[in-house]
Amino acid sequence: MTDIIHLLPDRIANQIAAGEVVQRPSSVVKELMENAVDADADEIKVIIKEAGKTLIHIIDNGNGMTETDARMSLERHATSKISKTEDLFSLKTMGFRGEALASIAAVAQLNLKTRIGENELGSELVVEASEVKSQNPESTPKGTSVSVKNLFYNIPARRNFLKSNGVEMRHIVEEFQRIALSRPDIAFSLYQNDLPSYQLTKGKLTHRIVQLFGKNYKEQLATVQESTPHLSVHGYVGKPESSKKTRGEQFIFVNNRFIKSGYLNHAILAAYEGLISSDHYPFYVLMIEIDPSHIDVNVHPTKTEIKFIDERTVYGVIKAVVKQALGAHNLRPSIDFDLDVNFGKGPPVSGNFENIRDKKYSQYQTFGSQPSPQDLRRIEKLYDTVLKDKDPAKVSNVELTFQSSANDLMFGHGESDQNRSFTFLLHNRYIVTQVKSGMMYIDINRSHERILYEKYLKQLDTKRNASQQSLFPQTVQLNPTDYALWQDIKDEVASLGFDIEDFGANTIVINGYPSDINDLDEKQLFEGLIEQYKIFSSELSLPKKERISRSFARRSAIKSGTFLDDKEMLALIDGLFGCDNPNFSPDGQLTFFILDLNKIEQFFN
Ligand code: ADP
Ligand code: MG
């Protein structure tokens, strides 16, 4: 029998290794940026086309490589960063496994140009799928330029597996931000399809934070600074009031390397206890310096997870210093966040709510209060939907026949005095109305969300775009992540009635907004939509249209605690029972229930 075990050809071994290192375009960006940082560059330029699917090009002004090193750098396990075992325990560099370049070269078309300071001429290497096509002397600036074209071109299955440009770009920006934050002493720039997304100049960490996340972060930061025998920490944490509902702006670095640590995140959140509500996340950038022999970096192949030898001490120190930082800023403890947003805070201040009401609910004016054949059909549908519901347990098992006077009320037949006696607002949160079998309680916020949700879904299907022009078009500067996200959903956003123009370089102009929304600020409206869409996208794996409809409905629905007048209440009831599925809010919560007369009687017995 002949031997059957043989060595894998290098090319295949490299492809397999690549699977570990190169998962998506952002992994390439990370590895190449880290190499540039390790090469002591103080200026690093990142050029991306089509979210890295066609081009990732990183240019640095670092040490460069000799001709031989350039050739060697593409070999697997070729690294200049460790030469003996002990080095592993005192790592100061980002990379050390010597796998990145070899892996990238195995799954793309790679062009490497590099020159060291002493030499006048550098060299250029062209590689495709691990095969060196050419190596020639080349005049090139000091430093290294690596361009990676058509990632995964030779592995179609992986290429097809890549997500939309919006998603892939988001990952790239994430990696870019992490490395940029870790080294404010290096100038970084990011270009996306030829347009600059970021141009970060050298400076202090605060400066970098502001350049990355916006000017308003300046006032939001509390300083962290502490040295203990075990470790030292410095950085910034966001003041509680600047916390957000979406994650994404939490950064922990250990010895300048971004890491993910649920454990340390927990320590930081524990320091915020009582200061922010449990569904909010604070901003933080913490730089931890610790003796490398006290950590084990190698637990994860892409090295974003590390293990501390003495976890508990690290936890305790981090919690204490963050707490101290927050205290030092004299932050008053908040009262009760759970009572905040979604629940009424007592009657709204007069004048203020008038304004909101007029603007927000004018969409109802179109419903009018005169009865119409549609009204009749809607009310019939109410009986149908509720009574024929497949899951009777979910619906109050009551007879839903309205008294004639209640019918009148719903159709607006009755005198207005009479209306008031049958429908009223309870604590600005519920509409209470009499039905034949008892009292119906309608949750205003949930019902309105249901109404809007169905309406937006239909708009997205018909692509009907009812837009009104803004008197003063607003320019909005988005961050690159949100910009990429918007590009992903811009057709749908247009169908909702937004008239938005793309100005490139993360800038858009809002020329018009949905005509049925007279919200106070179309910029806020749009940003709210994006923010909500992000939240839902991370929580739900629903089709895009559904996510958008839900997001916009959530954002523009009447909030609990808002005063409604009779006309508005009737319009809301009308709208709810005109829905295909009036029983539940889009996320499946009960929109109304009926307190049965029998139940009421029971109370008295
Ligand atoms: P590692 O970073 O783990 O050493 P890589 O495959 O990323 O492995 O790189 C291999 C080697 O190529 C590095 O050790 C370094 O010597 C050299 N190298 C890679 N990128 C650069 C660069 N931008 N500038 C200078 N040298 C580089
Ligand atoms: Mg490397």
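In terms of other Cβ atoms within 10 Å, His6, His57 run from fewest to most in the order His6, His57.
The ratio of the alpha-carbon radius of gyration of region 140-201 to the globular-protein estimate 2.2 N^0.38 Å is 1.36.
Given the pairs Lys463/Lys490; Lys455/Lys523; Lys142/Lys202; Lys53/Lys133, which are separated by over 18 angstrom at their Cα positions? Pairs exceeding 18 Å: Lys455/Lys523; Lys142/Lys202; Lys53/Lys133. Ranked for footprinting exposure by Cβ neighbours inside 10 Å, fewest first, Thr114, Thr68 give Thr68, Thr114. The orientation-averaged shadow of the Cα convex hull for region 169-251, equal to a quarter of the hull surface, comes to 6.6 nm². Can you give me the C-alpha center-to-center distance between region 145-185 and region 246-277, rounded to a whole angstrom? For region 145-185 versus region 246-277, the Cα centre distance is 24 Å.
Peptides 151-162, 525-536, ordered by how many other C-beta atoms sit within 10 Å of their residues on average, highest first, read 525-536, 151-162.
The ratio of the alpha-carbon radius of gyration of region 514-598 to the globular-protein estimate 2.2 N^0.38 Å is 1.27.
Relative contact order of region 87-224, taken over Cα pairs closer than 8 Å and 6 or more residues apart, is 14 percent. Applying Stokes-Einstein at 20 °C and 1.002 mPa s to the Kirkwood radius of region 55-211, computed over alpha-carbon pairs, gives a translational diffusion coefficient of 123 µm² s⁻¹.
Once backbone amide H atoms are built at 1.01 Å from N, Asn255 has Ile288, Glu289, Ile290 as its partners under 5 Å, excluding neighbours fewer than 5 places away on the same chain.
Structure note, pairs Lys45/Lys81; Lys218/Lys323; Lys260/Lys534; Lys559/Lys599; Lys45/Lys544; Lys163/Lys204: Cα-Cα distances above 25 angstrom occur for Lys559/Lys599; Lys45/Lys544; Lys163/Lys204.
Listed by Cβ neighbour count within 10 Å, with the fewest neighbours leading, Thr591, Thr144, Thr562 appear as Thr562, Thr591, Thr144.
With Cα atoms as the point set, the radius of gyration and Dmax of region 495-550 evaluate to 12.3, 31 Å.
Read-outs throughout are calculated quantities, based only on the coordinates presented, and are distinct from any laboratory measurement. What you see is a predicted model, and the numbers here were worked out from it, not measured in a lab. All Cβ positions, even for glycine, are placed from backbone atoms using ideal geometry, and neighbour counts span all protein chains on display.
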